[in-house]
Amino acid sequence: MSYLDSLHTLLPEDLGGHLDRARPEFGSIIEIVLRLAVGADAPEGSSVTDWDGLRARAVKAIDELKHGEHGGSSHKRGREDEPRASSKRARMDSADATPSIEQDPPVFTLHALSVSSPVRKKVNITVHRSSIRLTNPSTKNEEHPPIPLAALQRAFLLSTRGKSKPHWTIALLATDTPAPTGKVAETAKDTTIVPQLVFGLDATLSAPFTTTTYHADGTPKTDSYPKGSASLSALRAFLSRIPTDTLEPSITVFRSAAAPSGDGVAGVEAYRGAKQGTLWFLDEGVLWDGKPCEFFALEHLAPTGKSEQSYEGVRTLSATGRTCSVILRRVAPRPANGKGNDEERSDDDEDEGEDIDFGMVDGREQETIGRWIKAHRHRFGRHVESGTGATQQASGAADLKGKGKAREEDLRNEDTEDEEDSDFTMESSDDESSSDEDEGSDASAAGGHDDDADEDEERDSYDDVLEDEAEEELDPKHHPLLRPGAMPRMSRAAVDAVVGMVEQDLMGGGKRGTNADDESEEEDELDD
């Protein structure tokens, strides 16, 4: 039954009579128009070419007409301080400026995939010449405004954790930080917010899967993947159409210590607030794959400062040892040739930045995270220019065939040389102090000084130091252990009790010494 027959029974008698008289001549044309309007398939025996493109344009034209009718006059008087349009309305208006299908032809399509962002439904993901479009598999209607390809900055191919079967996840990000939401997004001036595109696919297909490649002349070529085949090649074909490099975690860069034996995972499970996810440690930075995703590039991580109170971009804290927290500090990157700026950089500037806490990380991951920090800390906060980055990549590619990562080893050797020099200096100072003690003991023996007087002087000076430390108030800014969450809370009475026990041990007094003397006297009496 045709669409025209279905609607004919609903029309009044006079309109139905006019339609019956015009049907022999214009019936097929009316049927085609109705199918285009509702986004249906072409009628059988139709000679219309490029039905999919024509249907998409027709649906878009009807949507624009609906938008114009509903966006006209309103009987409700608006408030003077109310914005004229919300951020969502502004984003939709900006999306209307995207090119049409003729100006933006399709290139590659993944059919019937479940997407978790920006919409949660099964759609066709089509890469066009200048955008990515999400369409309904049956009606071919667009489920979301097109995403410009030029706005995408990061592409990740991840192994999904928490699945019973192997699974792949692809995340496409326009910015490293997630877009603002709620009232912050409504008050934001930037109305061209590009959402994240996140979707996944089983590593071994549980059902047949198809992809479509469009040639330059627009003719499609469909590739079928049967049940049980690997899906990685189809995902890589999709990523090859994205104009940005794809980043993948590697166990050669980071390997989880808490993962099951035999499984290599380049990330750790963590919680950001109440949301669970994985922190992936890559050679380019750290990725949080929670909802929403966030990427911490090495150039955006705080570098290690010269002062003792400074904090670097990645650090771990643990109170019990069973679990730990990973704290990332994001800062603005410094130029690659900013050596002079480093000298003028003050301690206050080093402390600037935003700390983001990821908790409930397995305590066994502290050592592996520490090794990753040691291998990448020389790149924290340093912006690599395009020319420099290309040169380093070329040299890195050459080093893979030779000795490997010579530049990174040189930078690491500088740090190790400084540490070795400091160790050598400490050893020499220890030798000098020991020699001074020997000379002092010889002089005291020759001069006949009183040992008891020296002990009294040392005890008085130690008491003065304790009094000075007690009077000085400690600033949490310069003492990390005083910060909230760094150490478990202890009552003042418990602290005083511990301090008293330590003082008794150091001064040689207290009940312990008295009891020991009594026991020794009793033993002597028994011997007699």
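The values are calculated or read from the model by the stated rules, or taken from the named source; none is laboratory data. Source: prediction; values computed, not measured. Every residue, glycine as well, gets a Cβ built from its backbone with ideal geometry; the counts of neighbours run over all protein chains shown. With ligands, DNA and RNA removed, areas are computed over all heavy atoms of the protein, side chains included. Shrake-Rupley method; radii C 1.70, N 1.55, O 1.52, S 1.80 Å.
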Where in the stretch 271-377 are the helices (runs of 4 or more DSSP H), entirely inside, with at least 1 residues that are open to solvent by 30 Å² or more (accessible area, probe 1.4 Å) and at pLDDT 90 or above? 365-376
What's the number of the condition Ser233 fails, among (1) open to solvent by 40 Å² or more (accessible area, probe 1.4 Å); (2) polar (S, T, N, Q); (3) not in a helix (DSSP H, G or I)? (3)
Find all pairs meeting these conditions: Cβ atoms under 9 angstrom apart; at least six residues apart or on different chains; first residue within the stretch 32-51 and in a helix (DSSP H, G or I); second residue among the charged types (D, E, K, R) and open to solvent by 50 Å² or more (accessible area, probe 1.4 Å). Arg35/Asp41; Leu36/Arg57; Trp51/Asp41
Contacts under 9 angstrom Cβ, first residue in the stretch 142-171 being under 30 Å from Ala56 (Cα atoms) and among the acidic types (Asp, Glu), partner modelled with pLDDT of 90 or more and open to solvent by 50 Å² or more (accessible area, probe 1.4 Å), 6 or more apart: Glu143/Lys121
Conditions first: (1) open to solvent by 90 Å² or more (accessible area, probe 1.4 Å); (2) part of a loop (DSSP other than H, G, I, E, B). Glu25 passes all but one, so which condition is the exception? (2)
Please indicate, with yes or no, whether at least one residue in the stretch 55-75 is exposed (fewer than 14 other Cβ atoms within 10 Å of the Cβ), part of a loop (DSSP other than H, G, I, E, B) and modelled with pLDDT of 70 or more. no
In the stretch 198-230, which residues are hydrophobic (A, V, I, L, M, F, W, C), within 18 Å of Ser159 (Cβ to Cβ) and outside any loop (DSSP other than H, G, I, E, B)? Val198, Phe199, Leu201, Ala230
So, in the stretch 131-183, of the ones that are part of a loop (DSSP other than H, G, I, E, B) and basic (Lys, Arg), which residue ends up farthest from Pro195 (Cα to Cα)? Lys165
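Quick check on Asp223: is it open to solvent by 80 Å² or more (accessible area, probe 1.4 Å) and acidic (Asp, Glu)? So that I can check it myself, show each step before the final result.
Values: open to solvent by 80 Å² or more (accessible area, probe 1.4 Å): no; acidic (Asp, Glu): yes.
No, not satisfied.
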On the given criteria, is Ser250 modelled with pLDDT of 90 or more, touching a helix residue (DSSP H, G or I) at 6+ places or on another chain (Cβ under 7 Å) and in a loop (DSSP other than H, G, I, E, B)? no
Are any residues in the stretch 1-22 closer than 22 Å to Gly45 by Cα, open to solvent by 70 Å² or more (accessible area, probe 1.4 Å) and not hydrophobic (A, V, I, L, M, F, W, C), and if so, which ones? Tyr3, Asp20
